[in-house]
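Student: I have a structure here, written as structure tokens, and I will follow up with some questions on it.
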Amino acid sequence: MNNNEGGGTAAAGTAVGVATASAAAIPAASSIPSQEPEKGSVTGLPIPHFLSLRADVVNMRAGPGTRYPIIMIYHRRHMPVKILREFDVWRLIEDVDGQKGWIQQAILSRERFFITTGMPLSVMDDKDKLQDKTKEKSEVKSTDSYISEYVSKTQNSQLSGQGIIVRTVPQESADPVAILKPGVVGSIKECQPNASWCKVKINTYIGWIPRSNIWGLLPQEIIQPH
């Protein structure tokens, strides 16, 4: 595996055949300790913490080494992952669906991103691609999928139950910016402790989203404005 092997951008991780690795002193994903360490053995960073996928294709393996079988392939650049353990240049991660496995640290980024929760990644498909109604069809970008649509102020009263609403300010009564379906990946711009809203950016959209609708940060974690 090289530094370009990893990352993701389409919708989901794709399971592949799982083989049994030969016995070795290196711990496999199944040998996760019952109590995870408080600090990473390599970086000294708190465990757990969140990072994101740096590349367009990421292989998750059953253990920390290229001789271990690939158990998942991610196609989702910037997707957040939770770091559970460190071993040399490998990191034991957990994704939004609870899948655990090992990936190389070189294909991880400290940039903070979120993913909207709801439908599992494994059942997402292409029918929910970006449909930005403020642009002509030929200009629609497909790199950030699952934005349902841009909405106008007059539609605000008709949005209940249609998706996760990004709003101009952190209030349920605020004007909507966009509706998001499960599986949207965006960057986290600000999150304060004990706050129920976070400021986010998806494509060119910037607004506020309920913290309970996103995955990618710890319960009391603070993301300073940037």
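Student: Quick one: net charge of Asp97's neighbours, Cβ under 14 Å, K/R +1, D/E -1?
Tutor: Here the charged neighbours net out to +1.
Student: Further, regarding this structure: Does segment 37-79 come out rounded, prolate or oblate by the C-alpha gyration tensor, with a ≥ b ≥ c the root eigenvalues, rounded set by a/c under 1.5 and, if not, prolate when a/b is larger than b/c and oblate if not?
Tutor: Verdict is oblate for segment 37-79.
Student: Hey, rough spin-label estimate for Ala195 and Glu111, points 7 angstrom out along Cα→Cβ, what's it come to in nanometres?
Tutor: 2.1
Student: Still on this structure, I have one more. Test of understanding: extend the Cα→C-beta vector of Gln220 to 7 Å, then name every residue of segment 183-198 with backbone N under 13 Å from that spot.
Tutor: So the set is 193-195.
No value in this document is a laboratory result; all are computed from the given coordinates. Only a predicted model underlies this, so the values are computations on that prediction, with no experimental measurement involved. Glycine also receives a Cβ, built like all others from the backbone with ideal geometry; neighbour counts cover every protein chain displayed.
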